[in-house]
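Quick notes on the structure that follows.
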């Protein structure tokens, strides 16, 4: 879910840049590219003022255990280490050196991936549901694909109790 929210906020940034009179230099350091600006906008949007303040506190002074704190922050806030690294790099100075350490951890496979979060809190959009139910109805996907995508409880509630029958399996 976190990736989808970040992507939506990023696209909102593009919209604001193209439709509204937005100051492109509204963050602490000038960001040269539109993509960079939109990434930083999305990062601020997702974390909010309190999240940014907390990250600044964590990365304020180099100390033992900082990476573990950053990792915990990423897990708690459902943001990727890559997004944190980009943000720290954009701030420059000492933050950029912390960004390089985070990048090294990512390369070493120590990175937290938001996708590894349990799907129990995942939001399932009505459009996604309709697409998969149509594919089920046409026999293009089976129970395994639906279970992988939505989970067993969703399949039971929406397919079997809903009276859906897959023509591919009932022929």
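Where a number appears in this text, it was derived from the coordinates with a stated rule and is not lab data. No experiment lies behind these values; they were computed from the predicted model shown. With ideal geometry, Cβ positions are generated from the backbone for all residues, glycine too; neighbour counts draw on all protein chains shown.
Below are the figures for this structure:
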{"read-out": "Sequence of 125, 97 once ranked by neighbouring C-beta atoms within 10 Å, starting from the fewest", "value": "125, 97"}
{"read-out": "Proxy reagent accessibility, fewest Cβ within 10 Å first, across 16, 146", "value": "16, 146"}
{"read-out": "Residue order, fewest to most beta carbons within 10 Å, for 75, 91", "value": "75, 91"}
